[in-house]
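Here, each number is a calculation from the coordinates, and none is a lab measurement. Nothing here was measured: the structure is a model prediction, and the numbers come from that model. All Cβ positions, glycine included, derive from the backbone under ideal geometry; neighbour counts span all protein chains shown.
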Amino acid sequence: MAKFQPTSVGKLENDYDVVIIGSGGTGLSAAIQANELGMKVAVLEKEEELGGNTNRASSGMNAAETNVQLHHGVIDNVADFYHETYKDGGRLNDKDMLGYFVYHTAPAIDWLADHDIKLDDITITGGMSKKRTHRPASMAPIGGFLVKSLLEVVAQEDIPVFNKTKVTKLRRADDGRVNGVEVDADGITKVINAKAVILATGGFGASKEYIKRFRPDLESYKTTNQPGATGDGLKLAENVGAELMQMNLVQVHPTVQQDNPHVYLIGEAVRGEGAIMVNGEGKRFVNELNTRKICANAITALPEHSAYLIFDQGIRDHVKAIEFYDKVGLVVHGETIEDLAKQINVDPDNLKQTVTTWNQAVENHDDAEFGRTTGMDRGITKPGFFAIHIAPAIHYTMGGIHITPKTQVLDGNGDIIKGLFAAGEVAGGLHGNNRVGGNSIAETIVFGRQAGQQVALYARSL
Ligand SMILES: Cc1cc2nc3c(=O)[nH]c(=O)nc-3n(C[C@H](O)[C@H](O)[C@H](O)COP(=O)(O)OP(=O)(O)OC[C@H]3O[C@@H](n4cnc5c(N)ncnc54)[C@H](O)[C@@H]3O)c2cc1C
């Protein structure tokens, strides 16, 4: 199918039922859902490129009790998904949000499949006991696939998506309801009226200002986020009295290649499919599939503050993104483990010993050193052998706008701000102090759809 063409700004109308701010997974699924419920919708995106951080997602989308899991022989249950996410989030997750979330991930996979967006393969991410990270059968990175596929649905349904259109203000009626937005549409200021507005503007991982305000200790860290992840939605919401929550909870991702000006996240699927991490001595130092928080802290505690991912051709065959990492020059190659060790300047005997011990652990399914129990489907045995140099970087902002599980935005008194809805990374509460890999893409579809349904209910009530 031809590349999606955004609607020209000249076609921006004065009135819509629903204005959706942001064209990531959240905004696009909200738009499709609301449109299918009979709403007249417009999606406004400030960047030229559509898709936000969603475009960058690599590993997959978590869901429990899906038919896809059963096809792969994985017997899961929603309660485990709830408890593991709650434990991994430091038990700071909003329980109502989490409850809604875990029960709506399997329907979200079905909803995508109904729209011919099939996530038929599964892998695993850190902190999860089961394979519940859904991805395309081709094992391609989820983000680009999802944005392209959602935009195909948007095109079929004729939903207008305007790029280079930045929302600068939320408008309110005399009774306090949010009833429109002000935009800068490619240099032209315009007012748009709407019965309801959905903030789907993503996080603030690329905002120096917000990081300095809420996490000054991370000011010098690089980020995996797209440049537009500047927390605009938080400002727009704060200006109409919304409450922000857990703003200091910022996720640092452990495996980010950052030796060049361009920063690349190395997806968790690489470890999920079997990679290990070694320090400057060529030794493992952590259970690589512990939570991101624990893995990132373990790397930061090393004298060199960085580590190497080590894997073989067998693992590479199960993570298509590695072909891309190699193409852009991030992957070091070795014909043997000793050869690889020399290329990355670690002691060859140590690395050989580390890999031999690890392969035995995989064979016996018993990692006596660090207690790893997942991502052990295959050892590091099949030539060639590979390494990627990684270190932690700012990745995800758990804090955000305080919402109800119905995506209604709350003010500082706990009252609903009528007409205003928020979902996706801009919202706080779902993930506690550590977002599990794969839960965010799931959040965009689950709560994007929820926002699309709730705006329709709200608009019908007016
Ligand atoms: C490198 C990387 C890899 C990741 N991998 C995974 C993964 O494998 N699995 C997983 O679950 N999660 C992953 N994540 C996290 C996940 O991709 C994001 O959290 C999620 O996609 C956010 O979706 P969203 O729709 O809420 O926001 P986004 O996709 O960021 O979309 C928000 C959009 O709103 C636009 N916008 C902002 N302000 C305005 C404004 N004022 N006016 C108009 N438009 C505006 C932005 O430009 C952006 O396009 C990854 C993130 C990154 C950065």
Only Lys, Arg, Asp and Glu count, each charged at its Cβ (+1, +1, -1, -1), so figure out the dipole size of the stretch 167-244 about its Cα centre, rounded to 20 debye. 60 debye
Karplus-derived HN-Hα couplings along the stretch 332-339 (A = 6.51, B = -1.76, C = 1.60, θ = phi - 60°), whole Hz, x at Gly and Pro: 8, 10, x, 6, 10, 4, 4, 4
May I ask which residue of Gly90, Leu112, Met39 lies farthest towards the positive end of the charge dipole of the stretch 31-125, with charges of +1 (Lys, Arg) and -1 (Asp, Glu) on Cβ and the Cα centre as origin? Gly90
The stretch 448-453 - phi-based ³J(HN,Hα) in whole Hz, Karplus 6.51/-1.76/1.60, Gly and Pro as x: x, 4, 4, 4, x, 6
Among Asn62, Pro227, Ser129, flag the residue with its Cα farthest along the positive direction of the charge dipole of the chain, charges on Cβ as +1 for Lys/Arg and -1 for Asp/Glu. Pro227
Dipole check, the stretch 275-326, charges on Cβ (K,R +1; D,E -1), about Cα centroid: among Val278, Leu289, Ile322 the Cα furthest to the positive pole belongs to Leu289
List the residues whose amide H sits under 5 Å from the amide H of Ala242, counting only those 5 or more places along or on another chain, with H placed 1.01 Å from N in the peptide plane. none
Cα centroid separation - the stretch 323-379 against the stretch 405-462, whole Å: 41 Å
List the residues, sorted by chain then number, that are 5 or more residues from Gly51 or on another chain and whose placed amide H is less than 5 Å from its amide H. Ser23, Gly24
Listed highest first by mean packing, meaning other Cβ atoms within 10 Å per residue, what order do 221-234, 352-365 come in? 221-234, 352-365
Given the peptides 6-14, 51-59, arrange them by the average over their residues of other C-beta atoms within 10 Å, most packed first. 51-59, 6-14
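What order do you get for 115-124, 71-80, 131-140 when each peptide is scored by the mean count of other beta carbon atoms within 10 Å, highest first?
On the way: 115-124: 19.6, 71-80: 13.0, 131-140: 21.2.
Output ranking for 115-124, 71-80, 131-140: 131-140, 115-124, 71-80.
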With each run of n ≥ 4 DSSP H residues scored as -39500 (n - 2.57), what mean residue ellipticity at 222 nm is computed for the chain after dividing by its residue count and rounding to the nearest 500 deg cm²/dmol? -9500 deg cm²/dmol
Using each residue's phi in the stretch 347-359, evaluate 6.51 cos²θ - 1.76 cosθ + 1.60 at θ = phi - 60° and report the 3J(HN,Hα) Karplus result to the nearest Hz, with x for Gly and Pro. 5, x, 5, 4, 5, 4, 4, 4, 5, 4, 4, 5, 4
